[in-house]
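Trainee: This is the structure I have questions about; it appears just below.
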Amino acid sequence: MAEQDNYNERRYVIQILFLLGALILLAKCFQLQIIDTTYQAKASSNVIQKITEYPSRGMIYDRNDSLLVYNNAMYDLWVTYNQVEEMDTTKFCTLLNITKEDFKKNLNKDWSDIRYAKWKPFIFLKRIDKVTFARFQESLYEFPGFYGQLRNVRGYRYSAGAHVLGYINEVTPQQIKDSIDIYERGDYVGANGLERAYEKDLRGIKGERYVLRNNFGLVQGKYKEGVRDETATSGRDIKTTIDINLQMYAEALMKNKRGSVVAIEPSTGEVLTFVSSPNYDPRVLTINRQRPKAFAELLADPLKPFFNRALMAEYPPGSIFKPILALVAMEQGELNAGTPYACKGYYEYNDLRVGCHAHTYTYNVQTAIQHSCNNYFCIVLRSVIDKYGFSNPQEGLDTLVNYLDAFGLGHPLGIDLPSELGGNIPTSDYYDRIYPETKGGWRSPGIISIGIGQGELLLTPLQIANLAAIIANRGSYYTPHLIKEFKEEEFLIPEEYRIPKRVPIDPIHFEAVVDGMERVVTSGTAQIAQLGYKNISVCGKTGTSENPHGDDHSVFFAFAPKHNPKIALAVYVENSGFGARYAAPISSLVIEKYLTGNIAEHRKYLEQQMLNANILIDRKKLASFQ
């Protein structure tokens, strides 16, 4: 009886063990087949394959509908390692113009790296041009496991506009992480210029399709008749504000010079031309196998062609600041249009002396601007700073700063390009930090250089061009921008580019300043900028920006015509002397080209002078002191 009981107990134990074992096996099968899809994916990858459909990136046009940036077909060659069979590697490499060493390196990956698996497709070779791929595709059936995928990369119709258009790059791991499933390894993204600013609009939406492949890697048809397929959505085409013909002309005028040209349509804030020089041909950064070398050469160039001087270079504005100071002083009641100040060739206060040049008596604001009198504007500056008393310059300076802030100075304007800087407008706190021993003790004579656009005052060329637009409009402006419209009419450009701003200056004060700027060109410091057309009066102001590291910079800002202006611009040419030497002639040529389409015969000599002028120093010398 006892033996029978022991037998029954052992039988129950064995049955329980078998049951537990069966349950464990069932649980493992459930985990492998239902919860963990890894093995399912490995098995199905030999039959069903998901292929990403890349959208066409939106194209970019100029304001007159000339195509600037388009898409070029290029191919990536993908491979699934465990589908590769014995083949003619010599023929394979010859068709793709690669070596056998390249073949081995591209095929054999570090399989411990989570990015790669022998059953999972990966890119074997990138950026194959369409001619090479067409030749290779004829023999693709001979190479099981390989297949091509169409990619669109950028093509450029013109050699101009590089800093405006920008370029695309392959996404970085951080961009992939930050995008939240928008990008994946191998995708392209706008890296600079409009490509970056309007990436969300230009990139489109990726699609996907599922295909059946045989064990040779050849497509057998759609999976489930395409029920899971999603069509890619092309990116939006954008129309820029740039006039490409004017852009090319301005770039030609700035060849062999360092500086920038920014021209704006005053009534809209649309940027007509946007030049940073030296620049580069955007076509050299088309994504192909030569691009890495071209990119490295541009990065190593001591002239820094990637540096966007138009919105990143911060310079003393020089005498072009004088009209702005006059407007603020008139608004504050510290100056009126008829205020005269005699000039004896310099401004003097105790031991301080600021030189001026010989000119006729400055009997009002107009003549002071016409002759760019340093003495006149040193006096005006002190009247503004000392408005609340000689011993209280902080309040006077900060009141001036508030006005300048309304003019868009001291901060980025908000143009639709990345990396814009805001210049520097010194405040009382700024001077308190500079002179900590005398905090609260600095006075207006110590900052007198601001009155003539020097000292700690720094502006970008974009800000200077916008000042010209504000004066042209007699006090209003739109935030400068480079997008005119989306080709799809239902999409509006950003609201901030459609709302006008107004500076807190009574429009009546602008007339004296405008008249003075007209006199600058007709009988003042920039007579070389006269066009010679009765119906086109140019209003401008020269500036010579002092440069402690070398030759002074040539500066000019202007607008035309005087009434109902169509163009406002700023030209800044580094290390080239007086404003009338280079900046004023270049400005006048750009204005004439835009308004008339031609350069008058009597000004052809000036055009040739500017086109042929070379003021760049030797690159080796440049590299030696950078």
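Trainee: Can R151 be described as without any contact (Cβ under 8 Å) to a residue 60 or more places away in the chain and not aliphatic (A, V, I, L, M)?
Mentor: no
Trainee: Further, regarding this structure: Suppose we filter the stretch 52-65 for residues that are within 21 Å of D187 (Cβ to Cβ) and either under 29 Å from the mean Cα position of the chain (by Cα) or modelled with pLDDT under 80 (or both); how many remain?
Mentor: 8
Trainee: Could you list, in sequence order, all residues of the stretch 237-290 that are over 15 Å from the mean Cα position of the chain (by Cα), within 11 Å of A160 (Cβ to Cβ) and of a type in the set (V, I, T)?
Mentor: Across the stretch 237-290, the qualifying residue is only I244.
Trainee: Could you pull out the residue among A296, A326 that is surrounded by 24 or more Cβ atoms within 10 Å (Cβ to Cβ), of a type outside the set (D, E) and in a helix (DSSP H, G or I)?
Mentor: None of the other options fit; the residue is A326.
Trainee: Cβ-Cβ distance below 9 Å, separation of 6 or more or different chains: which pairs start in the stretch 107-136 with a residue that is outside the structural domain of D187 (by TED's automatic domain parsing) and end on one that is part of a strand (DSSP E or B) and hydroxyl-bearing (S, T, Y)?
Mentor: Going by the 9 Å Cβ cut-off, there are no qualifying pairs.
Trainee: If you check D416, D386, D398, which single one turns out to be touching a His at 6+ places or on another chain (Cβ under 7 Å) and either in contact (Cβ under 8 Å) with a residue 40 or more places away in the chain or assigned to a helix (DSSP H, G or I) (or both)?
Mentor: When all the criteria are applied, what remains is D416.
Trainee: Also, quick follow-up: Can you work out which of the residues in the stretch 572-598 that are more than 28 Å from the chain's Cα centre (by Cα) and under 27 Å from S319 (Cβ atoms) is modelled with the highest pLDDT?
Mentor: Of everything passing the filter in the stretch 572-598, R581 is modelled with the highest pLDDT.
Trainee: Just one of L303, L298 is more than 17 Å from the chain's Cα centre (by Cα) and over 17 Å from A465 (Cβ atoms); which is it?
Mentor: Criteria check complete, one pass: L303.
Trainee: Return only the number of the condition from (1) in contact with a Phe, Trp or Tyr (Cβ under 6 Å, 6 or more places away or on another chain); (2) over 20 Å from Q290 (Cβ atoms); (3) of a type in the set (G, A, S); (4) at pLDDT 90 or above that S139 does not satisfy.
Mentor: Answer for S139: the failing condition is (1).
Trainee: While we're here: Taking Y223, is it in the same structural domain as L202 (by TED's automatic domain parsing), in contact with a strand residue (DSSP E or B) (Cβ under 6 Å, 6 or more places away or on another chain), of a type outside the set (S, T, N, Q) and buried (at least 16 other Cβ atoms within 10 Å of the Cβ)?
Mentor: Against the criterion (in the same structural domain as L202 (by TED's automatic domain parsing), in contact with a strand residue (DSSP E or B) (Cβ under 6 Å, 6 or more places away or on another chain), of a type outside the set (S, T, N, Q) and buried (at least 16 other Cβ atoms within 10 Å of the Cβ)), Y223 qualifies.
Trainee: Please go through (1) within 22 Å of R443 (Cα to Cα); (2) modelled with pLDDT under 95 for A342 and return the number of the only condition it doesn't satisfy.
Mentor: (1)
Trainee: From the residues in the stretch 498-549 that are under 31 Å from the mean Cα position of the chain (by Cα) and among the small types (G, A, S), which one is farthest from L325 (Cα to Cα)?
Mentor: A529
The values are calculated or read from the model by the stated rules, or taken from the named source; none is laboratory data. Here the structure is a predicted model, which is why all the values come from computation and not from measurement. Note that we place each Cβ from the backbone using ideal geometry, even for glycine, and neighbour counts take in every protein chain shown.
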